[in-house]
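Here is the structure we will look at.
The values are calculated or read from the model by the stated rules, or taken from the named source; none is laboratory data. Since this is a predicted model, take the numbers as computed values, not measurements. When we count neighbours, we look across all protein chains shown, and the Cβ atoms used for this are built from the backbone with ideal geometry, even at glycine. Only protein heavy atoms, including side chains, enter the accessible area calculation; ligands, DNA and RNA are left aside. Shrake-Rupley method; radii C 1.70, N 1.55, O 1.52, S 1.80 Å.
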Amino acid sequence: MSEQQAGAGGTSFTATIALWASRHRRLVVLGWLVAVIAALVSCSVLTVDDSVEGNAPGESGRAFTLVEERFGTEEGRPDEIIVFSHPTLTVDDAAYEALVTGLLRDFRALRVEDTRSAAGSDVLDSKRLVASTISHYDIGL
């Protein structure tokens, strides 16, 4: 195929860019270096607001406020918090208490099991996923 036939409509946009880049290698490398340097400079100049002051909006924010009020902010506080909510029941309803305590009992019973070979025998490792839990009902509020 001659150059004239290819230029008449047979060359795609991508092929045109590739041909230009192959003819101007130094300019392409220089452009990439400028882009990388600009990205690094902008990352070091711009700051991120990572402050955690204040609570999240909505139900999770209200739940976090309640946890801090009822369980305190000392170092011994749990790392993970599970919040139960029900559209019609309140924390004072016996049905809600039964539901929450049942779910927590099932949660405390969760285990991960792993079988490994040791000294020619299969050994079963079983570990609890949750070390301890405390609920609204446990502290007597």
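Solvent-accessible area assigned to carbon and sulfur over the stretch 90-129 amounts to 52 percent, based on a 1.4 Å probe.
For Ser85, the shell of other residues with beta-carbons less than 13 Å away shows a net charge of -1, using +1 for Lys and Arg and -1 for Asp and Glu.
Summarising the label geometry, the points placed 7 Å from Cα in the beta-carbon direction at Ile37 and His86 lie 6.6 nm from one another.
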